[in-house]
Amino acid sequence: MKPRFARAPIRDAGRVAYLGESSNLSLLVHDRHGTTDVVHYPLPENIRGAKAGANDMDNVELELLNRRGAFLLPPRSLCDELVEAYFKWVAPVVPVINKSRFMRQYGDPKNPPSFLLLQAILLAGSRVCNNAQLMDSNGSTTPASMTFYKRAKALFDANYEDDRVTIVQSLILMGWYWEGPEDVTKNVFYWTRVSIVVAQGSGMHRSVERSQLSKADKRLWKRIWWTLFSRDRSVAVALGRPVAINPEDSDIEMVTEDDFIEDEDNHPATFSPDPTHVQFFINYVKLCEIMGLVLSQQYSVGSKYKRTNAIDLTHSDMALADWRQHCPSIVSWEKNHHHFWSALLHANYYTTLCLLHRAHMPPAGSPGAHENNAYPSRNIAYQAAGMITSIIESLQEHDQLRYTPAFIVYSLFSALIMHVYQMRSSSQTEVSASQERLRICMTALKDVSRVWLVAKMVHSLFESILGNKTLEERLQKAAGKRHNKNRHGVSVKAQPQSEDPPKRKFEEMDMGFSNGPPAPQVSYERSRPQSPVRGVHQQQPMPNMTTSPQTPRHNTDTFMAPSRGNTRPGSPFNPSFYPGTPPDLFLFTRPSPSIPTEYCANFQPDQLFPAEANVSFPQFSPVQQHSLVDPALSQPSQHMPQQSTPAQASTPHPMQQQSTIPMHTMPQQPQQTPQPVDPSLWSQHGMGGDPLHQTTGPNDETWSNSSASASGVPTTLNVEDWYEFLSRYGA
């Protein structure tokens, strides 16, 4: 029989205990069959303790808080403006507060909101408020934001608040103070991780459907958890950190439109949900899941030995194209029909594309860099950077850059890197276009720096790089060293070199053959079970999957599920030595977890971009099964028996590497090796040297220039790494 508190309704969502299955205490709340469907319990009154507050603190603590101004608020009119700005420009990205409940408390002097939460809201609101009282002589609100941050931090450090939901909400918003190089224990990464820890301590990562929480609290908890999920992914990408949330440890249902309804018992919602805000957040969460997969598959420490896996690239593209195809029209971005939230959402989408394909761009001059049958990662990355620049330009025209969250700095950073690469084109037209995009992005960084100081650092960083011939030559050497390190890391397992072009090996992949190697250790993103999360996905029928008849598969992968046998549709991602059809792609945030096999079979790279972008990538017919996978990546290893099929004997059609893009000019990929650009042209455009196109020999084993390497050119927004790099090379 369950103890009394296990059956009690939860009246205070901020005082909830969570018991995981491994906890010995969980045995006390199991029913007579040894099972339980509840994991959230109200804390008994005898162990609740008194609510923290000014009356419960000693004189020293109160003196410190008063000296910090923790209990001070701006004039009421300014405070109202800050709160309004928060809910207009920040809350759609982090919808962690029940607006109707908060505004009811905000207007009630007898039951005011938490001081900690209010100071955190004022901090976030100060980032997007135009009131002149908040700005310094340079038009920046940074000093005001710092004031609110210090007040909120003082209250948190003093344990002034004991409501766990309020603490999580406040910690998330304290991450809106990001001024670049800080103590690692008090930056945006730190506050995000602390908020995740507190949320998991209350069980926010577990299903709330059968809990005793009120309906309004259930909805709010789901919004809070998926906000933490999205923040975890975006901060990890921007700063080059590992993610913290493992989807396998969570069974909370995916956030839905209904979760934005804020009706409470005896308190109907004062504010109706904005459909645009709702769809923005839902689709942003879905995009962040794919972003996390790209991060773990392309940039994690354990993935650097698996960079030979071409499936990760193509299937990530499929997931991204599927996301774009199913993005609701209300948040689909079009340059001629600009909308702030659709622009912000798709800036993140194209940033993810850059992140994915930057890891697969061949260094210029390397063997295979201009081969006809290479996967067009270079063109995709360039096109994505052009789309980011177009979105940024539109935000500038509408004077909305100042309202963007800090991740826009990473988007600009990614676009700038691609534009600098494209400056090495042999086409003067493309060089001129790249120069114009560089100008747009640099101007945008300068504007954004009034809100986010880290943007000023990135702007100064690129000013020091561009036009500095000595530094660019050293950047070239550093990039070469990183490329060599990646090459040597892979060549340990490579076959002896011959006069033939270098071949890729799939030793790390368990393809289901008895003579294959043992499955390597994989990151948690790659090792999730083959079933979707419980809850809303439970109704979905699972595909009938079988493994290869040679031997049972032992290596399972959520993103690369086992292939179906005895089926082989024509697919550019289905070389003859892959068994069966392309694997099903399971995404926890997708209404139907698996992407249809038919979509994978008919996928083309131009589906990554809208039709109005006029993108033209090579089209592939079923006989060109090898076309979209680079030959250097798709050679079977000596451990893998060759399979003779008609597709292997056929000669693929030559690819037409052409692109006609009025809005974003794509770099041409000629059949022959292009002639080097005249150095005087670089001097003319302020780009001395040739830092980005190192000519490499025929023994190069990898195309990756990603951040998996321990040293070399930084690829994240961690400004400390860039300053260390510049100082190392004498900038």
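The values are calculated or read from the model by the stated rules, or taken from the named source; none is laboratory data. Every value quoted in this text rests on a predicted model; they were computed, and no experiment measured them. Glycine also receives a Cβ, built like all others from the backbone with ideal geometry; neighbour counts cover every protein chain displayed.
Here is how the numbers come out for the structure above:
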read-out	value
Selected residue (criterion: modelled with the lowest pLDDT) from residues of region 142-192 that are within 20 Å of Val90 (Cβ to Cβ) and polar (S, T, N, Q)	Asn187
Qualifying residues in region 379-438 (those that are among the β-branched types (Val, Ile, Thr) and modelled with pLDDT of 90 or more) - the one nearest to Ser616 (Cα to Cα)	Ile380
First in region 414-425 and closer than 14 Å to Leu461 by Cα, second anywhere and modelled with pLDDT under 90 and not in a helix (DSSP H, G or I), Cβ under 8 Å, 6 or more apart	Ile417/Thr715; Val420/Leu466; Val420/Met687; Val420/Leu692
Any chance Ile245 is surrounded by fewer than 24 Cβ atoms within 10 Å (Cβ to Cβ) and either in contact (Cβ under 8 Å) with a residue 12 or more places away in the chain or out of contact with any Gly (no Cβ under 6 Å at 6 or more places or on another chain) (or both)	yes
Residue within region 248-260 that is acidic (Asp, Glu), part of a loop (DSSP other than H, G, I, E, B) and either in contact (Cβ under 8 Å) with a residue 60 or more places away in the chain or surrounded by fewer than 21 Cβ atoms within 10 Å (Cβ to Cβ) (or both) present	yes
Residues (touching a residue at least 24 places away in the same chain (Cβ under 8 Å) and over 15 Å from Ile391 (Cα atoms)) located in region 429-446	Thr429, Glu430, Val431, Ala433, Gln435
When residues of region 97-141 are limited to those that are of a type in the set (S, T, N, Q) and under 21 Å from Ala154 (Cα atoms), the one modelled with the lowest pLDDT	Thr141
Cβ pairs under 9 Å, 6+ apart, first in region 450-462 and outside any helix (DSSP H, G or I), second aliphatic (A, V, I, L, M)	Arg450/Met135; Val451/Val128; Val451/Leu401; Val451/Ala406; Trp452/Ala406; Trp452/Ile408; Trp452/Val409
Residue selected from region 103-125 under the condition surrounded by fewer than 16 Cβ atoms within 10 Å (Cβ to Cβ) and within 16 Å of Pro74 (Cα to Cα), by the criterion farthest from the chain's Cα centre (by Cα)	Pro109
Output for region 93-102, where each listed residue is in contact with a Phe, Trp or Tyr (Cβ under 7 Å, 6 or more places away or on another chain) and surrounded by fewer than 21 Cβ atoms within 10 Å (Cβ to Cβ)	Lys99, Ser100
Selection status of Asp56, among the acidic types (Asp, Glu) and over 33 Å from the mean Cα position of the chain (by Cα)	yes
